[in-house]
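Engineer: Please read through the structure below; I'll follow up with questions.
All of the numbers you see were taken from the coordinates with simple rules; none came from a lab. None of these values were measured; they are calculated from a predicted model. Neighbour counts run over all protein chains shown; Cβ positions are idealised from the backbone, glycine included.
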Amino acid sequence: MNVKRDIQQIMQLAPVIPVMVVDDPQHAVPLARALLRGGLPVLEITLRTPAALQAIGRIVEALPDAVIGAGTVLTAAAMDSALEAGAAFIVSPGATPHLIDAARERQVNFLPGVASPSEAMALLEQGFSRLKFFPAQAAGGVAMLKSLHGPLPQLTFCPTGGINPDNAADYLALPNVACVGGSWMVAREHVRGQNWGEIESRARAAAALPR
Ligand code: 3PG
């Protein structure tokens, strides 16, 4: 497929973005395939393991229908490595001035993390209105996002961190939430155990969440 999409379009593709930690590059494609089969085409591979960049490259090559992002991107150098591996979007838990400049210079699809109104306003000044709200549950959860919507209705969030099947629908019901991120459908023990059936079935349930 390889369609070029902006971050707003990517956030609309599915209600949930699985946040993945890949330890073994051999697991990358079967894991992504299980998630796709379950109905989740947008995947975030965190740059937390030595296998992450290879995992991104393998999935991009094998599964053109998947939209692969790199997560836990903390530096401009990591951003470049992720883009070189084929990432279609970049996610960070926060947003330093250096990282914001790097994203703007490269004109990449960037989902920067915020946890407060001032951080969100600083990003808005730089032209970013699609933001990750992180760590969602710890930073005030649904109540915080409701409070932000009044003064800052132009912002749309992907809350991530502490989201699970019990609270995801509450987030997705908010007018300023496009999608949520989470790791519950890609539990590390299921990935290590290559339990693709369980992963697919959790993905299917996540993909069916209303928003
Ligand atoms: C993370 O930090 O790994 C992501 O934000 C996912 O958080 P979660 O494991 O609480 O879903």
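Engineer: If one puts a single equal scatterer on every Cα of the range 133-173 and applies the Debye formula without solvent, what log₁₀ I(q)/I(0) results at q = 0.15, 0.19 Å⁻¹?
Structural biologist: Debye intensities relative to I(0), on a log10 scale: -0.31, -0.49.
Engineer: Need the full-extension length gain, Ala143 to Glu84, defined as separation in residues times 0.36 nm minus the C-alpha distance. One decimal, nm.
Structural biologist: On the way: separation 59, 0.36 × 59 = 21.24 nm, distance 3.83 nm.
Going from the current span to full extension adds 17.4 nm.
Engineer: A follow-up question, please. What is the extension gain from Met121 to Lys4, computed as 0.36 nm multiplied by their sequence separation minus the C-alpha to C-alpha distance, in nm to one decimal?
Structural biologist: Here the segment from Met121 to Lys4 would lengthen by 39.4 nm.
Engineer: For the chain, what does the relative contact order come out to in percent, with C-alpha contacts under 8 Å and a separation of six or more? Working shown, then result.
Structural biologist: Numbers: 410 pairs, mean separation 51.4, N = 211.
RCO, the chain: 24 percent.
Engineer: Take the alpha carbon atoms of the chain, find their radius of gyration, then divide it by 2.2 N^0.38 Å using N residues; give the quotient.
Structural biologist: 0.94
Engineer: Same structure again: Could you let me know the centre-to-centre spacing of the range 17-61 and the range 111-186, using Cα atoms, in angstrom?
Structural biologist: Taking the Cα centre of each part, the range 17-61 and the range 111-186 sit 23 Å apart.
Engineer: Within 15 Å, Cβ to Cβ, of Gly141, how many net charges do the neighbouring residues add up to if Lys/Arg are +1 and Asp/Glu are -1?
Structural biologist: Taking every other residue near Gly141 into account, the sum is 0.
Engineer: Report the calculated FRET efficiency for Ser201 and Leu13 (r = Cβ-Cβ distance, R0 = 22 Å), to the nearest 0.05.
Structural biologist: The formula returns an efficiency of 0.65 here.
Engineer: Continuing with the same structure: So how far apart, in nm, are the two label points at Ala77 and Asp65 if each is 7 Å from Cα heading toward Cβ?
Structural biologist: So the two model labels end up 3.8 nm from each other.
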